[in-house]
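Written below as structure tokens is the structure these notes are about.
No lab work stands behind these numbers, since they all come straight from the coordinates. Here the structure is a predicted model, which is why all the values come from computation and not from measurement. A quick note on method: Cβ atoms are made from the backbone with ideal geometry, for glycine too, and the neighbour counts reach across all protein chains shown.
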Amino acid sequence: MTTIKKKHNLFMAAYILFLLFISMAAFNCSHSDNKQNVRKIELPEATYSMSPDSFPFRFEISDQAELSVRKNKDGEYFCDVVYPELNAQIYCTWHEIVPEKFNQMTEESRRMVYSHTNVATAIKEQFYSNDFIRVYGILYDIKGPVATPVQIALTDSTSYFFNASLYFNSAPNTDSIAPYLDYVRKDIVRMMESFTPVNH
């Protein structure tokens, strides 16, 4: 009887060890699969070239992005700077204005930015000016889980008003998009600093 009990105990111990081994193997396999499912996107060093002159404005665009033209009509032009690998795009709009409409356009632009105040943790403004070609504007950094974390507005205050807004085509997760946000923000700064009206 004692021998049978010993054999039974040995069998149970071996069986429990076997179950532990299977559980650990399954956990490791699942853990490995989760790692593979996290897609890491390489962020290569970008090179830049001027956008085509089919618009009344030009700016430098990264070779990691594509320029997509949307509907245009007299006095209004729309285009997107698309980043296929990052699932992001910069929506760009240009409006011809008269001096009387300048205040209206600036207020509308600010309203779009500050409409994020209910979810934004901070909104920072950085002013820009190029007196030589009369381009003036603001770069907005909107912190927190917002739809448009970076926006710019550029104008000569008399004849045109240009807006650009960055969107990520996914739920706004500050931590997950942080490296890509920094990457595209550099391109937006480059866009702003190279922005030139074609008729200048």
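Here are some notes:
- Modelled spin labels at GLU96 and GLU125, positioned 7 Å past Cα toward Cβ, are 2.9 nm from each other.
- Three-way shape call for region 146-199 based on the alpha-carbon gyration tensor, with the a/c threshold at 1.5: prolate
- In this Cβ point-charge picture (+1 for Lys and Arg, -1 for Asp and Glu), region 78-200 has a dipole of about 160 debye about its Cα centre.
- Greater than 28 Å apart at Cα, pairs in LYS73/LYS101; LYS101/LYS124; LYS71/LYS143: LYS71/LYS143
- Going from the fewest other Cβ atoms within 10 Å to the most, the residues SER176, SER109, SER49 appear in the order SER49, SER176, SER109.
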